[in-house]
Amino acid sequence: MQPQEFVLLLTVFAAGTWLLRPVVLAIAERLRGGRVTDGEAHRQMEAVRDELLAELQQTRREMAELGERVDFAERLLARERETPRLPRENV
C-alpha cells in the first residue's frame, strides 16, 4: 500500500468515526438500558439537526467563496489573453 493510499484510508476512517460517534453512543446507551424519554430524544434530535444545518451552511459559504475565487482566476486569465503582446525578436 502506497503512503497516499494509507493516508486516504486513515482520513476516511477518522471522518467516518467522527460522524458516526453520536449514533453509536446513542445505540450503546439504549443497549445499556438507559431510558430516553420522548422529550429528551426530541431535544437530542434537535441538537443533531441544528449541528447538521450549521455544518451545511458553513459548507455552502465555503463553496460560494471557492466559486468567487474561480471567477476571479478566470477573469485574470481572460485579461492576460486579451492584452496585446509585442512580437518576439529572433536573435
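The values are calculated or read from the model by the stated rules, or taken from the named source; none is laboratory data. From a predicted model like this one, the values you see are computed outputs, not experimental measurements. Here the Cβ positions follow ideal geometry from the backbone for every residue, glycine too, while neighbour counts run over all protein chains shown. Protein only, heavy atoms only, side chains kept; ligands, DNA and RNA dropped before computing areas. Shrake-Rupley method; radii C 1.70, N 1.55, O 1.52, S 1.80 Å.
Things to note:
- Exclusive hit being assigned to a helix (DSSP H, G or I), of a type in the set (Lys, Arg) and out of contact with any Cys (no Cβ under 6 Å at 6 or more places or on another chain), set Arg85, Arg79: Arg79
- Answer from Val48, Val12, Val70, Val7 - the residue that is touching a Pro at 6+ places or on another chain (Cβ under 8 Å), open to solvent by less than 100 Å² (accessible area, probe 1.4 Å) and not charged (D, E, K, R): Val48
- Residue match in the stretch 33-44 (condition: open to solvent by less than 100 Å² (accessible area, probe 1.4 Å) and at pLDDT 85 or above): yes
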